[in-house]
Amino acid sequence: MLLLPSLVMILLLYAYPILLTIIQSYHKVNLLNSEMTFIGLENYLTIFKDSGFFTTLNITFKYTAITVLMKIGFGFALAFLLFQGLYLKKAFRFLILIPWAIPQVAVSTLWIWILDGNYGYLNYYLQKLGLIKDNIAFLSNPDSAFFAAAAVDTWLGISLISMMFLTGLEAIPRELYEACAMDGASKFRQFTTITLPGIKKVFLTTFILVAIWTFNSFNVIYVLTQGGPMRATETLVIRIYQEAFSRFDLGLSATLTVVAVVILMICTFIYMKRTNYEEL
């Protein structure tokens, strides 16, 4: 009985929204009076017959893969640098966490000023250094806009990811490194025999969590490009928002949400299976 209030709260906060979304995916929803008309699998057939949906999925997976690799790579490199006993280590930790602590919308707005094709600071300094002659439309060109959004997303995520890796690195006993050094092992040998095996579980957990966070990334992309130009940055989450609040089709938006949840559940299942396998 003591657990009943907690169970009710969980059902209200998690189960009800998910159930409502699934129900709406089988209906045509009228935004004016919230009336729902049952249409069966029509919403699902609509999205799977739409070539634009598969383009959106492709962009989503591409964006997730590139951004996750950059976040993991730079995050681990930064964590490993701090792990080496860097001077003023605590001060650097504080400074590194600042981008993560600032609201994403505010940071993304700042990056709009930096990346602006006409008056942006990045174009200004690149021209001053003689690296470019003409301004680059970072957010107006489909190709550059995609990588600009991925770069800003990476910049925002490195802080937390580096701290996650640093926590894992600091959990490795220093005695192992000392014993290895006494045996004449090089730094590279210590890295491959102690560091990598010691951080394996943290690496796997961080990778899965970062992939899920990036897959669900909304603020950065929406503020920078709103899914444009020419839908070049229209990920699945952006498409869900646009279907609901730009095209006012809550039923189709709910259907896309169900698809996104299924994809994320598959990723979570793979992670849990892999984690259980590692513990055996």
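Here are the numbers for this structure:
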| quantity | calculated |
| --- | --- |
| Residue in the range 204-243 that is farthest from the chain's Cα centre (by Cα), counting only those that are free of Cβ contacts under 8 Å to residues at least 60 places away in the same chain and over 24 Å from S144 (Cβ atoms) | E243 |
| Every residue from the range 188-201 that is touching a helix residue (DSSP H, G or I) at 6+ places or on another chain (Cβ under 9 Å) and either loosely packed, with under 13 Cβ neighbours inside 10 Å or not in a helix (DSSP H, G or I) (or both) | L196, I199, K200 |
| Flag if Q242 is surrounded by 13 or more Cβ atoms within 10 Å (Cβ to Cβ), part of a helix (DSSP H, G or I) and polar (S, T, N, Q) | yes |
| Criterion violated by Y26 - all others in (1) over 15 Å from L256 (Cβ atoms); (2) in contact (Cβ under 8 Å) with a residue 12 or more places away in the chain satisfied | (1) |
| Filter result for T21 (of a type outside the set (A, V, I, L, M, F, W, C), surrounded by 11 or more Cβ atoms within 10 Å (Cβ to Cβ) and at pLDDT 90 or above) | no |
| Given (1) closer than 24 Å to Q226 by Cα; (2) of a type outside the set (D, E); (3) at pLDDT below 90, number of the condition F80 does not satisfy | (1) |
| Residue among D153, D143 that is surrounded by fewer than 19 Cβ atoms within 10 Å (Cβ to Cβ) and in contact (Cβ under 8 Å) with a residue 24 or more places away in the chain | D143 |
| The listed residue being of a type in the set (D, E, K, R) and more than 28 Å from Y63 (Cβ to Cβ), out of K187, K273, K200 | K187 |
| Top-ranked residue in the range 260-272 [being out of contact with any helix residue (DSSP H, G or I) (no Cβ under 7 Å at 6 or more places or on another chain) and more than 13 Å from I18 (Cβ to Cβ); ranked as surrounded by the most Cβ atoms within 10 Å (Cβ to Cβ)] | I263 |
| Where a residue in the range 93-107 is in contact (Cβ under 8 Å) with a residue 40 or more places away in the chain and its partner, wherever it lies, is surrounded by 15 or more Cβ atoms within 10 Å (Cβ to Cβ) and of a type in the set (S, T, Y), with Cβ under 7 Å and at least six apart | I96/S159; I96/S162; L97/S159; P99/S159; W100/S159 |
| Residue in the range 35-44 that is in a strand (DSSP E or B) and surrounded by 12 or more Cβ atoms within 10 Å (Cβ to Cβ) present | yes |
| Sole exception among (1) among the β-branched types (V, I, T); (2) crowded, with 19+ Cβ neighbours inside 10 Å; (3) under 15 Å from the mean Cα position of the chain (by Cα) for T257, by number | (3) |
| Filter pass, P5 being surrounded by fewer than 16 Cβ atoms within 10 Å (Cβ to Cβ) and either within 26 Å of V220 (Cβ to Cβ) or hydroxyl-bearing (S, T, Y) (or both) | no |
| Residue in the range 180-198 that is in contact with a Gly (Cβ under 9 Å, 6 or more places away or on another chain) and under 30 Å from F83 (Cα atoms) present | yes |
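Rundown of residues vs (1) touching a His at 6+ places or on another chain (Cβ under 9 Å); (2) within 30 Å of F165 (Cα to Cα); (3) modelled with pLDDT under 90; (4) among the hydroxyl-bearing types (S, T, Y), yes/no style:
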site: T60; (1), (2), (3), (4): no, yes, no, yes
site: I66; (1), (2), (3), (4): no, yes, no, no
site: L69; (1), (2), (3), (4): no, yes, no, no
site: F92; (1), (2), (3), (4): no, yes, yes, no
site: S108; (1), (2), (3), (4): no, yes, no, yes
site: I112; (1), (2), (3), (4): no, yes, no, no
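The values are calculated or read from the model by the stated rules, or taken from the named source; none is laboratory data. This structure is a prediction, so every number in the text was calculated from the model and none was measured. No Cβ is skipped: glycine too gets one built from the backbone with ideal geometry, and neighbour counts run over all protein chains shown.
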